[in-house]
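Notes follow once the structure below has been shown.
The values are calculated or read from the model by the stated rules, or taken from the named source; none is laboratory data. On a predicted model such as this, the values are computed, not experimentally measured, just so you know. Positions of Cβ are backbone-derived with ideal geometry, glycine not excepted, and every protein chain shown enters the neighbour counts. The accessibility values were calculated without ligands, DNA or RNA, using every heavy atom of the protein model including side chains. Shrake-Rupley method; radii C 1.70, N 1.55, O 1.52, S 1.80 Å.
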Amino acid sequence: MAANIKTLVCIGLAVVLTGVGKSAFIGKSHSGGKDNLVLQYVVNNSLREHPVLTKLRLRTLDDQWNRMMVAAEQAQFMANLIRLVNATKAIEIGMYTGYNALSMALAMPENGQVVACEIEDTYIEIAKPFFKEAGVENKIDVQHQIALKTLDELTAAGEAGTYDFVFIDADKSNYDRYYEKSLELIRKGGIIAIDNVLWSGKVMNPAPNDTTSQTLDALNRKIHKDQRVELSMLTVGDGLTIAIKR
Ligand SMILES: C[S@@+](CC[C@H](N)C(=O)[O-])C[C@H]1O[C@@H](n2cnc3c(N)ncnc32)[C@H](O)[C@@H]1O
Ligand SMILES: *[C@@H]1O[C@H](CO)[C@@H](O)[C@H](O)[C@H]1NC(C)=O
Ligand SMILES: *[C@@H]1O[C@H](CO)[C@@H](O)[C@H](O)[C@H]1NC(C)=O
Ligand SMILES: *[C@@H]1O[C@H](CO)[C@@H](O)[C@H](O)[C@H]1NC(C)=O
């Protein structure tokens with residue numbers, strides 16, 4: 001009897017801690033994962049945020065779409081991947097207010113270049129002064145047009161096989177195209193990081209009318225079988241797949 005109660009308490013606690021039913025993963029420290037104590041511990045004991053990144057994060061929290069911002073802990077992880085592969089050429093598909101673009105630029109050497117794709121001029125206007133303040137505006141090439149156009153232009157300019165890192169984080173309907181074009185642009189050993197691959201857990205049994213979750217689920221299944229890459233699917237943020245070109 002006592003053992004049964006203990007088991008029930010344990011299951012109950014596990015459900016509370018993991019949030020099963022809502023989302024079986026952690027979320028972002030500035031939005032969905034705010035109340036998660038384990039995530040708070042992780043942030044308290046590992047985040048090293050550049051002062052201008054802190055300023056930009058706080059500025060972005062004033063925007064109604066701030067949940068789109070990459071979590072600080074995830075940006076730091078990707079900056080470390082950039083350091084690991086000595087990246088000097090990166091692309092970000094979906095820059096928003098620039099938190100991750102700035103984080104990548106800060107992790108790169110003086111000759112590093114981030115091509116940052118963004119269609120909304122209001123977001124670009126927020127981002128640019130922070131790039132300048134951090135002294136890396138020369139490292140971030142903001143492309144103010146639809147991302148597919150920029151990717152095609154890079155390929156047409158003979159840049160295929162030259163990029164070290166691509167972060168895919170814009171319109172989900174084009175994710176498969178972004179993945180294919182990124183594979184073309186990346187070098188052997190280069191990394192493609194794909195955000196929101198868990199989509200708040202909705203990729204599991206997507207509703208018949210939920211085309212976004214269906215698209216993400218289909219891409220997840222495709223990459224799992226894709227022999228062109230090595231992969232890991234991480235439960236950081238809203239789910240992050242790391243694909244390394246073979
Ligand atoms: C999730 S947010 C990106 C967050 C960002 N990576 C960060 O560090 O916080 C997605 C962004 O992609 C932009 N976007 C959507 N569709 C796009 C497209 N077709 N081309 C370029 N940017 C696009 C949106 O305006 C939005 O700012
Ligand atoms: C994290 O740090 C904040 C601010 O110091 C503190 O209030 C909070 O209790 C800490 N949380 C954990 C889980 O360490
Ligand atoms: C990165 O650069 C450092 C210093 O130039 C070098 O020692 C290291 O082997 C390089 N690592 C990779 C993965 O290329
Ligand atoms: C799908 O349909 C349900 C029920 O009509 C609705 O509540 C939900 O918002 C729809 N979802 C999407 C992604 O359109």
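Percent of Cα-Cα pairs more than 18 Å apart in segment 49-143, please. Walk me through the numbers on the way to the answer.
Values: 1641 of 4465 pairs.
I get 37 percent for the Cα pairs in segment 49-143 exceeding 18 Å.
Hey, how much of the P(r) for segment 171-246 falls beyond 19 Å, as a percent of Cα pairs? Can you show the working numbers first?
Numbers: 873 of 2850 pairs.
Of all Cα-Cα distances in segment 171-246, 31 percent exceed 19 Å.
Rounding to the nearest 20 debye, state how big the charge dipole of the chain is about its Cα centre with +1 on each Lys and Arg Cβ and -1 on each Asp and Glu Cβ. Don't skip to the end; give the middle numbers.
On the way: 27 positive and 29 negative charges, 174 e Å.
With only Lys, Arg, Asp and Glu charged at Cβ, the dipole is about 840 debye.
Can you tell me the FRET efficiency between Asp210 and Trp65 if r is taken as the Cβ-Cβ distance and R0 is 30 Å, rounded to the nearest 0.05?
On the way: r = 20 Å, r/R0 = 0.67.
Efficiency at R0 = 30 Å is approximately 0.90.
Determine the percent antiparallel among the DSSP beta bridges restricted to the chain, to the nearest 5. Kindly include the intermediate steps, with their values, before the conclusion.
Working: 12 of 30 bridges.
Here the share of antiparallel DSSP bridges comes out near 40 percent.
In segment 47-245, what percent of the accessible surface is made up of carbon and sulfur (1.4 Å probe, ligands and nucleic acids excluded)?
On the way: 4700 of 9020 Å².
The computed percentage sits at 52.
Can you list the aspartates and glutamates whose alpha carbon is less than 17 Å from that of Lys225, not counting same-chain residues fewer than 8 positions off?
Lys225 reaches Asp176, Glu180, Asp217.
From the alpha carbon gyration tensor of the chain, can you work out the equivalent ellipsoid semi-axes (sqrt of 5 times each eigenvalue) and give them in Å, largest to smallest? Don't skip to the answer; put the middle values down first.
Values: eigenvalues 200, 98, 56 Å².
In descending order, the three semi-axes are 32, 22, 17 Å.
Rg(Cα) of segment 113-242 divided by 2.2 N^0.38 Å? Please list the in-between numbers first.
Details: Rg = 15.7 Å, N = 130, 2.2 N^0.38 = 14.0 Å.
Here the answer is 1.12, to two decimals.
Modelling each spin label as a point 7 Å along the Cα-to-Cβ direction, I'd like the Glu180/Ser200 distance in nm, to one decimal.
3.0 nm
Under a plain spin-label model, where a point goes 7 Å from the Cα along Cα-to-Cβ, how far apart in nm are Ser31 and Gln145?
Here the modelled spin labels are 2.9 nm apart.
Less than 12 Å Cβ to Cβ from Ser103, Lys/Arg counted +1 and Asp/Glu -1: what total charge do the surrounding residues give? List each step's numbers first, then the result.
Details: positive: Arg48, Arg57, Arg83, Lys139; negative: Glu49, Glu73, Glu92.
Computed value for this residue: +1.
Quick check: residue separation of Glu153 and Lys222 times 0.36 nm, minus the Cα distance between them. What number comes out in nm? Please report the intermediate quantities before stating the final value.
Details: separation 69, 0.36 × 69 = 24.84 nm, distance 2.59 nm.
Computed gain between Glu153 and Lys222 is 22.3 nm.
Run the Debye formula on the Cα coordinates of segment 56-101, all scatterers equal and no solvent, and tell me log10 I(q)/I(0) at q = 0.22, 0.28, 0.30 1/Å.
-0.79, -1.07, -1.16
Return the calculated 222 nm mean residue ellipticity for the chain, to the nearest 500 deg cm²/dmol, obtained by summing -39500 (n - 2.57) across DSSP H runs with n ≥ 4 and dividing by the residue count. Write out the running numbers ahead of the final one.
On the way: 9 runs with 109 residues, N = 246.
Mean residue ellipticity, 222 nm, calculated: -14000 deg cm²/dmol.
Kindly report, to the nearest 10 Å², the accessible surface of Val85 as traced by a 1.4 Å probe over protein heavy atoms only.
Approximately 40 Å² of Val85 is accessible to the 1.4 Å probe.
Ignoring ligands, DNA and RNA, what accessible area per residue does the chain give at 1.4 Å, in Å²?
On the way: 12670 Å² over 246 residues.
About 51 Å² of surface per residue is accessible.
Taking only Cα atoms, what is the 0 to 90° angle, nearest 10, from helix 2-18's long axis to the longest principal axis of the chain?
It is inclined by approximately 20 degrees.
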